[in-house]
Amino acid sequence: MSTHRFAVTGATGQLGRHVVETLLDRGVEPGQVVATGRAVERLEDLAARGVVVRRADMDEPATLAEAFDGVERLLLVSGSEPGDRVRQHTAAVEAAAAAGVARLVYTSIAGAGSTPMLLAQEHTGTEAVLADAGLTVTVLRNAFYVENYTAQLPTYAEHGLATAAGDGRVSLALRREYAEAAATVLLEDGHEGAVYTLGGPAATMADVAAALSEVSGQDVTLARMSVDELEQVLLGAGMPAAAATTFADVDRGIADGELLVTTDDLTRLLGREPLPLREAVAEALKA
């Protein structure tokens, strides 16, 4: 049984929460796990189970110093505020170094450092910060979550799945599968300095629409369009302009193969194959 103290940022979010739960499921004592986030009231159930709960706001460096105190292995879950992430991540990395964190694991994106995809640029910037931080680092370059699509089922059922990805393929896995891989890296030695590119089975948007239709019993049609047209659709749906540009560009990246993972890194870290698309969609919709 591990004797390290682990911390997870963003434990109030879905990925971070999954990682905390996985650590506990694998036998880590609750008192050895530090769950951090801004809205710590959302972690009260974990605190009741003995998990150490600490407030951590990447916009308030003083909270990070306290949150990381005594932590040996830290999972830095990438932030969710585009435009601010490199600054926020830099504050977390500096706080981790000052706290003497022995190992830091970062959730990046597939293709970071090579893809022109707009969504990847802040991950590329964060990886550069980590390279200069003097910390022992493991980078998890995750492709896309199945939940990115299952969460949109009501919209897709009403309006169709609007896509500019053509017949490009994206590697998809469940959020909990990426979380289990992250927990493995935190728990095991031997991952120091590694960069893993993680993704599940590859699927086209036609495959995604078919799986959603089959599992849900709702007819999800595919609405093919150009990148510019998709950006206008997203703007019309109320998405802020910068986000609409970024997410329309994701489809361009999928069309160009920038989120297609060819490694077996996720399989090796899980110790099994990730779920096939239809089964993963079924689990995500049930959840």
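The values are calculated or read from the model by the stated rules, or taken from the named source; none is laboratory data. Bear in mind that the values here come from a model prediction, so they are computed numbers and not experimental data. With ideal geometry, Cβ positions are generated from the backbone for all residues, glycine too; neighbour counts draw on all protein chains shown. For the accessible areas, the whole protein counts, side chains as well, though only heavy atoms, and no ligand, DNA or RNA atoms are used. Shrake-Rupley method; radii C 1.70, N 1.55, O 1.52, S 1.80 Å.
Accessible surface area normalised per residue over the chain is 43 Å², counting heavy atoms of protein chains with a 1.4 Å rolling probe. Sorting V227, V261 by accessible area puts them as V227, V261; the probe is 1.4 Å, largest comes first, and only protein heavy atoms count. Under a point-charge model restricted to the Cβ atoms of Lys and Arg (+1) and Asp and Glu (-1), what is the dipole moment magnitude of the range 41-93 relative to its Cα centre, in debye to the nearest 20? Taking the Cα centre of the range 41-93 as origin, the dipole is about 200 debye.
Determine which residues of the range 51-82 fall in the zone a paramagnetic label at E94 would reach in this model, i.e. backbone nitrogen under 15 Å from the point 7 Å along Cα→Cβ. Counting backbone N atoms under 15 Å from the label point, the list is 57-66. Here the gap between Q14 and R272, fully extended at 0.36 nm per residue and compared with their Cα-Cα distance, gives a gain of 90.7 nm. With mean projected area of the Cα convex hull in nm² in mind, check (i) 22.1; (ii) 16.1; (iii) 14.2 and report the label derived from this structure. Correct label, based on the coordinates given: (iii). With all protein chains in place and ligands, DNA and RNA left out, the 1.4 Å accessible area ranks V215, V233 as V233, V215, largest first.
A cut-off of 5 Å between modelled amide H atoms, ignoring neighbours fewer than 5 places along the same chain, links A56 with G37, R38.
Per-residue ellipticity at 222 nm, computed for the chain from helices alone with -39500 (n - 2.57) per DSSP H run of at least four residues, works out to -13000 deg cm²/dmol. Can you pull the percent of the range 1-79's accessible area that's carbon plus sulfur, 1.4 Å probe, other chains left in place? That fraction is 48 percent.
The range 23-53 and the range 115-175 have Cα centres spaced 27 Å apart. Built from the Cα atoms of the range 143-254, the convex hull projects on average onto 8.0 nm², one quarter of its surface area.
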